[in-house]
Amino acid sequence: MTANIFIEKEFIGLILFSIVLPIFLYWFLWHRRAISRFSVVLFGIGLIIIAGLDVFFLRLLADIAKNSISTIDDKFFNSELSVALYLFPALYAGTGINLISHILINHLTKAEKKFDKVNG
């Protein structure tokens, strides 16, 4: 039984995957002069993976908080406030899907124009 969930390695993993890693990825891509389509797709897939890891850590921390002595843990991970914690994964997954669909739509548009030019 843990006294405080905020010193557990799972909580540190949640912070790293929810805040630190996405900020680093955004910063890295923001400072690039040119970005390939492949990089954008990898970034989108990375955001979807980060979202999945966030949900995994949130569920794991909710289970740990149930067995915790501290009541503050329950306020964060086993109450209505925990719904707000799932906004980060929803944001990252939505952005990742949007990036992938953007690349796919651009590719399909170019392929259709190329088809029309050849067969038109």
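The figures follow:
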item	result
Residue that is surrounded by the fewest Cβ atoms within 10 Å (Cβ to Cβ), among those in the stretch 28-38 that are part of a helix (DSSP H, G or I) and at pLDDT below 90	TRP30
Single match in ILE7, ILE69 (criterion: touching a residue at least 60 places away in the same chain (Cβ under 8 Å), more than 21 Å from the chain's Cα centre (by Cα) and either over 30 Å from HIS107 (Cα atoms) or surrounded by 14 or more Cβ atoms within 10 Å (Cβ to Cβ) (or both))	ILE69
Per-region count, the stretch 65-86, residues in a helix (DSSP H, G or I) and within 22 Å of LEU53 (Cα to Cα)	12
Counted residues, the stretch 17-27 - those being exposed (fewer than 14 other Cβ atoms within 10 Å of the Cβ) and within 18 Å of ILE100 (Cβ to Cβ)	1
Any chance PHE43 is surrounded by 10 or more Cβ atoms within 10 Å (Cβ to Cβ) and either under 27 Å from ILE7 (Cα atoms) or not hydrophobic (A, V, I, L, M, F, W, C) (or both)	no
Residues of the stretch 78-89 classified as of a type outside the set (Ser, Thr, Tyr) and either modelled with pLDDT of 95 or more or within 16 Å of the chain's Cα centre (by Cα) (or both), total	6
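Quick grid of which residues meet (1) surrounded by fewer than 14 Cβ atoms within 10 Å (Cβ to Cβ); (2) at pLDDT below 85; (3) on the phi > 0 side of the Ramachandran plot; (4) of a type in the set (A, V, I, L, M, F, W, C):
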{"residue": "ILE12", "(1), (2), (3), (4)": "yes, no, no, yes"}
{"residue": "ALA65", "(1), (2), (3), (4)": "no, yes, no, yes"}
{"residue": "PHE76", "(1), (2), (3), (4)": "no, yes, no, yes"}
{"residue": "LEU91", "(1), (2), (3), (4)": "no, no, no, yes"}
{"residue": "ILE100", "(1), (2), (3), (4)": "no, no, no, yes"}
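The values are calculated or read from the model by the stated rules, or taken from the named source; none is laboratory data. None of these values were measured; they are calculated from a predicted model. Here Cβ is always computed from backbone atoms with ideal geometry, including for glycine, and neighbour counts include all displayed protein chains.
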